[in-house]
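Below is one structure; the comments refer to it alone.
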Amino acid sequence: MMDILNILMSESFWAASLRIATPLIFGVLGALLCEKSGVLNLGIEGIFVTGAMVGWMAVWLGLGLWGGVLAAAVAGAAFGLLHAILTVPLGLSQHVSGLGVTLFATSLSYFTYRTALPTVSSPPKIESFRALDIPVLSDLPFLGPVLFQQTAFTWLALLMVLLVWYVLNRTPLGVAIQAVGDNPDSVDAQGLSVYGLRIGAVVAGSALMALGGAFLTMSAFDSFFFGMVNGRGWICIALVIFASWRPGKALLGALLFGAFDALQVRLQTEVGALVPSQVFIAAPYVLSIVALVIAARRADYPRALLTPWFKGQR
Amino acid sequence: MTDTKVLSLNGLSKRFGSVIANDCVDLELHKGEVLALLGENGAGKTTLMNMLFGHYMPDAGTVEVADEAGQMQALPLGHPQAALAAGIGMVHQHFALAENLSALNNIVLGSERLSLLRRDLKAARAKIERIMQHTGLTVTLDTPVGRLSVGERQRVEILKALYRDVRILVLDEPTAVLTPQEADTLFENIGAMTREGLSVIFISHKLREVLAFSQRIAVLRHGKKVGEIATAEADERIIARMMVGADTPETARQEMTPGAPVLTLQDVSVTGRSKRDSLTGANLTVHAHEILGIAGVSGNGQSALAGLISGLNRPTSGRVTLAAEEVAQVTPTNMIKAGVGRIPEDRHHDGMVGAMSVAENMVIERLSDPEVQSAGFLKKDAITANAEKLTADYDVRGPGVGARARLLSGGNIQKMILARVFEQSPKLILANQPTRGLDMLAASEVARRLLEARAAGAGIVLISEDLDEILGLADRVVVIHDGEMIEAETRDREAIGLMMAGEVTPHEPQQSGAETQ
Amino acid sequence: AAEAVKVAAIYTLPVEQQWISRIHKALNAAAERGDIEYVFSENVANTDYERVMREYAEQGKQLIVGEVFGLERAARKVAKDYPETAFLMGSSFGAVAPNFSVFDNWIHEPSYLSGMVAGAATESNVIGMVGGYAIPEVNRLMHAFMDGAREVNPEVKFIVNFIDSWYDPPKAKESAFAMMDAGADIMYAERFGVSDAAVERGVKAIGNVIDTSGDYPGTILASALWHMEATIDKAVASVASGSFEASDYGQYSFMAYGGGSLVMDEALISADVVEKVRAKEADILGGMFRVNVNDDRPVSDN
Amino acid sequence: MIRIEPRAATSQAFKLGLPVLSAVIALLAAAIPLAFAGANILTAYGEMVKGVFGSLFAVSEMLTRATPLIFTGLAAALAFRARLWNIGAEGQLYLGAMAAVAIGAGAIEAPSYILVPVIIVMGCAAGAAGMVVPTVLKTRFGADEVVTTLLLNFIVLIFLQYMLEGPLKDPMGMGWPQSAPILDEGTLPGLMTRMRVHSGLIIALVAAAVAQVMLSRSVWGFKLRAVGENAPAARHAGIGVDRTLLSVAIVSGGLAGMAGVSEVAGLKGYLTADLSPGFGYTGIVVAMLAGLSPVGVVVAALFIASVFVGADSMSRSMGVSSYLADLIVSMSLLCVLIGGFFARYKITRSAPTKGEAS
Ligand SMILES: Nc1ncnc2c1ncn2[C@@H]1O[C@H](COP(=O)(O)OP(=O)(O)OP(=O)(O)O)[C@@H](O)[C@H]1O
Ligand SMILES: Nc1ncnc2c1ncn2[C@@H]1O[C@H](COP(=O)(O)OP(=O)(O)OP(=O)(O)O)[C@@H](O)[C@H]1O
Ligand SMILES: [Mg+2]
Ligand SMILES: [Mg+2]
């Protein structure tokens, strides 16, 4: 018990939680934006891979770190556009299109990487984002190391939480996105474009997802590996529901998941000899389900989620 | 009313697959005029208005609208945005509201530029409050629409249109879910606005309000405009002739001696999600050969009562007795087995599985019946034969018994449900808003069938917001208000209306545990 | 020169994976010398592995290299169906006549030596070890490493963690950070990501299988390297000369055959430790010392 | 203005031809990555066809790969028909496989006419259990099953890891995390000598036929469809919605579990953590391509298997990266999906007719 308490009190634990949470924050915000408009985007896992690959490769090709961020976002947006076209004007199954996009984005990224770098034995490294050592602030007790020694990429994630929250709740565009996810007819009847709003939300959401992937190769690590996304995208799909489609709760959910994960590695080192490591590894997933069961009754779904809308049809 | 033309529809046509919904329809509207658009279910009224508003793209024809200066301008078709810009507002037959947003947001939606980074809701709120004051259409602006009653939602729909400063207002069955009082208030307010220059087209199946509030009537039949008439020269007979080409049969209710009780509720309470759909200590008896009318403004416990009789809601306390036998467990299956026929309020939502065939929907309530299945496998031929017989007997018209039920029109869906219910010779029938949205012919058909069932010995619980309908059919009237039921000793419209508003109570309303549960 | 031998390799993971990269490297080297014509399939799912083996055999490849840990029986069945083709497979089991040979990365010897370096270097007496999955290939090297460390420093304690993934450098990195928080000042870098964490925190790391000292200058104290060249060259030569036989090539990974070696960054290690390690290395090479083989899952000391 | 309209009536030839046409288009599109990788495109197509149909072995491989996809495709199709979004077939597959090896690897010794059925029943039961849990969480607590089934996939995989390192570990496995092999008596017999295709395929085909009949002809299928299309109406009509969902969950999970049994008892012989290269997820794709029709699932599974096996084999003979196979599969999937759209809808460009202005 003391051990757990010590861990929970340590700044490095919370710093790790935030670091682990960062890609999830991007992913869950992206998924949230898509779903708020009524489109489930299971392409997320593949878009993560693309973001990781493209962001890394852009930097490797000399476009600079922020060039890489931009490139990843653009690549994510492109796959988002594909998913949006398939599911919005064409109204195809969002499940299948999403899984198809995941398969497509993943295999295209892998194929491109391998064709570009056929004979690497150890993947090339880039100069990745560095922790921003903000003078004075970084030296604050506790908060300093937790918050102010993260990379700019993590700050970008936190900024995005604010931005998405603001856009959704404080701008006409956000209100329209919320409306189109609830009842597309309401938007159509007020002279707004259902397709435009949905496509826009899916494209923007997918760009955010890709940043989650890019964080893995540009901040959490500095090279690209096959399989390194390792299910993080799927986690985000679960977190959105946990977050009940609210950006603030999304941040909380991602942080909680990050904290579980950070605790898991620490506890495993502490009591690893007594309990099978799998118990710890499974803990975040099990706890997510438990949290979901507790929160389920209160989750308010975008009512039009999964339902395509065609102009002039019923 | 002036003679200034504000709108002209020229030769609008629209077909859906093989259905010709509108066939070269011409229509004109003048400044300050209230034009009623009538026609049977499926005649093409909504389609015509949807083309005007840009939801549907016409196959042929044009629309012209007067601009601010009164010049007729061609309206770009297929764009609601263009219609809104031209000063046309539309209140849709089926609500087009985002339930997760407040009324305020629903009203303002689309009127702000999407690229704005900030919203100025103060001005919007002030403007809406002005409109509400002016028209008497009040709603709570900050509650999510999902939590508003149907009546309130209808008001939001109308406010949406008025907020845009429309010069032409289209109302598609705006009163289908309003009480007669609410409807009257609405039309009085609209009348006031037409005197300030608003022009209105409204669609309704309720001839009473058409005759009272319109100046001109246009009638569609099978997609064609079959005539126009000044309201002053019209009466119910003439209109009915124009609509269906024949007289509507009169439904005459004969007095009957009630038989033994078929349903008794003793101190029954039902706890719903809110007070709106709860029932407190209800006592009720329905006899054979009797129609019991439940009058009340919607959202006063009708859904809880209907849910109870359908078997969807379990009572939290009290006894439910059907034909002298207490119902041990209230479930849909048990109620069906005990001989309760249910006509649900929302036929699309609860009454049918739209994606399944008409034939399948006809047997959906008796899947364990050996006529329908043997050893767990469906008797397809018997099911088809049953459906063919019923569609013939009950005049259910549509693309055939093998077609998806969704393809039937609203009136025919209702007939399909009636066939399913009456064919089982139920002892008790729950008829919840059975004629809502139906045209005169279809409505009178429903009434005739209900009376027939009563004559055959069924007890009927008729829930309706249409007081005229209740007074026309019911042997006894019970008023439901705030989850409590009081028998009306009178048949006076005024007095019952006051009871519906909760202004006459025999005893103080008790605070029940229903809300805190 | 003789005609190039047609070689195909089938890997269950991408060629970047450390273990596989060593085979890939040796085959690429042979191809560059012109000894072989080399093709490969990477990331082949176990379900598909048998089909791929048969496809290559049908194509007339003379030597098929790969790893059959997940499908020992099926692989031997395929070999039996294609007696003309030589198979050289990473395997935990034995060879099967006439054409199925096996190998494994037996670099427990240099691992032991690298453990000695680590044991001498730790000041906190805590060493962290991050692994992928607890499979014998990994466990045995970890145990050898731990034995080596304990030989020079009986006080040393180990923290062991498996991330249950071959490829999740960010996760491996977080795991390493957690160990450093718990006091580890030397990291055994079985996975990509661990050395990166070491660099960031300024602690030292021990490499495994591949030499990454170029990527992390000043951080890698020593590495136990695996060289597949001896194994591959031997097999290719025997295929070329028509004398390929079923045998266990495992020994070609031993230090004595040049299949395993230790590199040290002598600038980072005190001279007496270097000397001690070199002496042990000589003992091993001379057959005076045998490193114990233990395939059990290693656990943290408490 | 561009509009999307439902097609009134389409000929049978059109309905069948369009998916084929889309598949062809997808394969033509595969020329792009092929050219990018510098391969001779014509040869590549030849190799691709050869890879699926070029020999009995190739056909057998294709059928082998289609077998688990039929099971997982059926699992998804039936569940989705009832609007029960089972994304967890992957986990249920492993549960089925675990049950199969737990029983078949020596726990029971019995002749094969007893052992094989027992393994199948227990495997299906394990898979079913894996779907019952999220379904109960859904009906009891309203927990979204997309998420719970998705998360359970991870949990089952971690559990599998534990089982393979612990209770199920093969004592003769040299320490590898793998189960002991299924006894010969517990093995699903092969269909052809020296080929991998096994009798799991027959079971899959029978399951598809039974599912088809049950769906359209049985009361259970009626209830399933009613609940899927309109649950409130079904409840109103006296159909036990929760009970129906539970029964669908059992069947769907059972079929996914059967995929695991078939793979482990028909093909692999013992269980490792990489038994399935995502069959559970591909099953969803198969089901949707099939329009959720059981018979269609068979066709879609054969299609996906053909494209994968053909493209995979081609990538090998052309010496291009083997990731090309997945790429071609994903492109085919997307194209067929779009083709399915055009079978149901047409896109028309309509200029508003100009009437004379008065
Ligand atoms: N989106 C659509 N798709 C196919 N057919 C349609 C569509 N909308 C309308 N129809 C067809 O157009 C006809 C006219 O329908 P419409 O909704 O305009 O009738 P209505 O006069 O408004 O009836 P009601 O009085 O019941 O509202 C219907 O009979 C139907 O066949
Ligand atoms: N999606 C659709 N596709 C094809 N035909 C349709 C569709 N929806 C409706 N219809 C046709 O519309 C006709 C009438 O439909 P509609 O919903 O307008 O009836 P309604 O009488 O207006 O119903 P309500 O009274 O509920 O408004 C039916 O005969 C049916 O053939
Ligand atoms: Mg209608
Ligand atoms: Mg209408």
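Summed over segment B:161-184, the residues that are touching a Leu at 6+ places or on another chain (Cβ under 8 Å) and outside any loop (DSSP other than H, G, I, E, B) give a count of 6. Please determine, by comparing only the residues of segment A:104-136 that are over 28 Å from D:Pro277 (Cβ atoms), open to solvent by 40 Å² or more (accessible area, probe 1.4 Å) and not aliphatic (A, V, I, L, M), which one is farthest from the other protein chains (Cβ to nearest Cβ). Out of the qualifying residues, it is A:Pro135. When you scan segment D:176-187, do you find a residue that is open to solvent by 10 Å² or more (accessible area, probe 1.4 Å), away from chain C (no Cβ under 14 Å) and not in a helix (DSSP H, G or I), even just one? No, the conditions are met nowhere in segment D:176-187. Being open to solvent by less than 20 Å² (accessible area, probe 1.4 Å) and of a type in the set (S, T, N, Q) is the filter; apply it to segment B:103-149 and report the residue that is farthest from B:Leu84 (Cα to Cα). So, considering only residues that are open to solvent by less than 20 Å² (accessible area, probe 1.4 Å) and of a type in the set (S, T, N, Q), the one farthest from B:Leu84 (Cα to Cα) is B:Thr135. If you check A:Leu63, A:Leu82, A:Leu40 for being in a loop (DSSP other than H, G, I, E, B), farther than 26 Å from C:Tyr11 by Cα, modelled with pLDDT of 90 or more and open to solvent by 30 Å² or more (accessible area, probe 1.4 Å), only one passes: A:Leu63. Taking the listed residues A:Gly233, A:Gly227, A:Gly205, A:Gly200, the one that is assigned to a helix (DSSP H, G or I), open to solvent by 20 Å² or more (accessible area, probe 1.4 Å) and of a type in the set (Gly, Ala, Ser) is A:Gly200, with no other qualifying.
Here segment D:2-60 is the region considered, the condition is being within 16 Å of D:Ser313 (Cα to Cα) and polar (S, T, N, Q), and the residue that is least open to solvent (accessible area, probe 1.4 Å) is D:Ser60. Those residues that are without any contact (Cβ under 8 Å) to a residue 60 or more places away in the chain, touching a strand residue (DSSP E or B) at 6+ places or on another chain (Cβ under 8 Å) and not basic (Lys, Arg), I need them from segment D:192-220; list them, please. Scanning segment D:192-220 gives D:Ser218, D:Val219. Determine whether segment B:11-20 contains at least one residue that is farther than 22 Å from B:Ser409 by Cβ and out of contact with any Leu (no Cβ under 7 Å at 6 or more places or on another chain). Yes; the residues of segment B:11-20 include at least one that is farther than 22 Å from B:Ser409 by Cβ and out of contact with any Leu (no Cβ under 7 Å at 6 or more places or on another chain).
In segment B:58-93, the residue that is nearest to the other protein chains (Cβ to nearest Cβ) out of those that are more than 25 Å from B:Glu112 (Cβ to Cβ) and within 16 Å of ligand 2 (Cβ to nearest atom) is B:Asp59.
The residues listed here are A:Ala238, A:Ala214, A:Ala220; of these, the one that is more than 14 Å from chain C (Cβ to nearest Cβ) and either open to solvent by less than 10 Å² (accessible area, probe 1.4 Å) or in contact (Cβ under 8 Å) with a residue 24 or more places away in the chain (or both) is A:Ala238.
When each of D:Met62, D:Met98 is tested for being touching a Leu at 6+ places or on another chain (Cβ under 8 Å) and under 19 Å from D:Ile155 (Cβ atoms), the lone residue that passes is D:Met98.
Counting just the residues of segment B:310-360 that are farther than 12 Å from D:Ile239 by Cβ and among the polar types (S, T, N, Q), which one comes out nearest to the chain's Cα centre (by Cα)? Ranking the qualifying residues of segment B:310-360, first place goes to B:Ser310.
Taken together, the criteria place D:Ser247 among residues that are without any contact (Cβ under 8 Å) to a residue 40 or more places away in the chain and within 27 Å of D:Met98 (Cα to Cα). Checked against the criterion of being within 25 Å of the chain's Cα centre (by Cα) and either closer than 26 Å to B:Met335 by Cα or modelled with pLDDT of 90 or more (or both), the candidates B:Leu418, B:Leu378, B:Leu408 yield just one match: B:Leu418.
If you check A:Val167, A:Val202, A:Val187 for being more than 14 Å from chain B (Cβ to nearest Cβ) and under 29 Å from B:Phe95 (Cα atoms), only one passes: A:Val202. For segment B:438-445, the count of residues that are surrounded by fewer than 21 Cβ atoms within 10 Å (Cβ to Cβ), away from ligand 3 (no atom under 16 Å from the Cβ), of a type in the set (S, T, N, Q) and within 22 Å of the chain's Cα centre (by Cα) is at least one. Could you list, in sequence order, all residues of segment B:331-380 that are aliphatic (A, V, I, L, M), outside any loop (DSSP other than H, G, I, E, B) and either open to solvent by 30 Å² or more (accessible area, probe 1.4 Å) or facing chain D (nearest Cβ under 7 Å) (or both)? B:Ile336, B:Leu378, listed by residue number. Residues considered: B:Ile413, B:Ile383, B:Ile417. Of these, the only one that is within 14 Å of chain D (Cβ to nearest Cβ), in a helix (DSSP H, G or I) and within 16 Å of ligand 4 (Cβ to nearest atom) is B:Ile413. Among the residues of segment B:5-44, what is the count of those that are of a type outside the set (A, V, I, L, M), open to solvent by 20 Å² or more (accessible area, probe 1.4 Å) and within 16 Å of ligand 3 (Cβ to nearest atom)? The total comes to 4. Taking the criterion of being more than 16 Å from ligand 1 (Cβ to nearest atom), assigned to a loop (DSSP other than H, G, I, E, B), at negative phi and surrounded by fewer than 20 Cβ atoms within 10 Å (Cβ to Cβ), the residues of segment B:45-97 that qualify are B:Asp67, B:Glu68, B:Ala69, B:Gln71, B:Pro76, B:His79. Return the only residue of C:Asp295, C:Asp301 being touching a Gly at 6+ places or on another chain (Cβ under 8 Å), assigned to a loop (DSSP other than H, G, I, E, B) and open to solvent by 20 Å² or more (accessible area, probe 1.4 Å). C:Asp295 is the lone residue from the list that is touching a Gly at 6+ places or on another chain (Cβ under 8 Å), assigned to a loop (DSSP other than H, G, I, E, B) and open to solvent by 20 Å² or more (accessible area, probe 1.4 Å).
A Cβ distance below 8 Å, combined with a sequence gap of six or more or placement on separate chains, defines the contacts here; from segment B:42-56, residues that are in contact (Cβ under 8 Å) with a residue 40 or more places away in the chain and more than 9 Å from chain A (Cβ to nearest Cβ) reach residues that are within 13 Å of ligand 3 (Cβ to nearest atom) and part of a helix (DSSP H, G or I) in the pairs B:Gly42/B:Gly410; B:Gly42/B:Gly411.
Only one of the listed residues (C:Ala224, C:Ala235) is in contact with a Phe, Trp or Tyr (Cβ under 9 Å, 6 or more places away or on another chain), open to solvent by less than 30 Å² (accessible area, probe 1.4 Å) and assigned to a helix (DSSP H, G or I). That residue is C:Ala235.
Answer yes or no: is there a residue in segment C:155-165 that is facing chain A (nearest Cβ under 9 Å) and part of a helix (DSSP H, G or I). Among the residues of segment C:155-165, not one is facing chain A (nearest Cβ under 9 Å) and part of a helix (DSSP H, G or I), which makes the answer no.
Look at segment B:11-24: where a residue is within 7 Å of ligand 1 (Cβ to nearest atom) and a partner is open to solvent by 80 Å² or more (accessible area, probe 1.4 Å), sitting 6+ places away or on another chain with Cβ atoms under 9 Å, you get B:Gly17/D:Ala8; B:Gly17/D:Ala9; B:Ala21/B:Arg15.
Output the residues belonging to segment A:66-79 that are under 15 Å from the mean Cα position of the chain (by Cα) and open to solvent by less than 10 Å² (accessible area, probe 1.4 Å). A:Ala72, A:Gly76, listed by residue number.
The values are calculated or read from the model by the stated rules, or taken from the named source; none is laboratory data. The structure presented is a predicted model; accordingly, all values stated were derived computationally and were not measured. In this analysis, Cβ positions are derived from the backbone assuming ideal geometry, glycine residues included, and neighbour counts consider all displayed protein chains. Heads up: the accessible areas ignore ligands, DNA and RNA and are worked out on the full protein's heavy atoms, side chains in. Shrake-Rupley method; radii C 1.70, N 1.55, O 1.52, S 1.80 Å.
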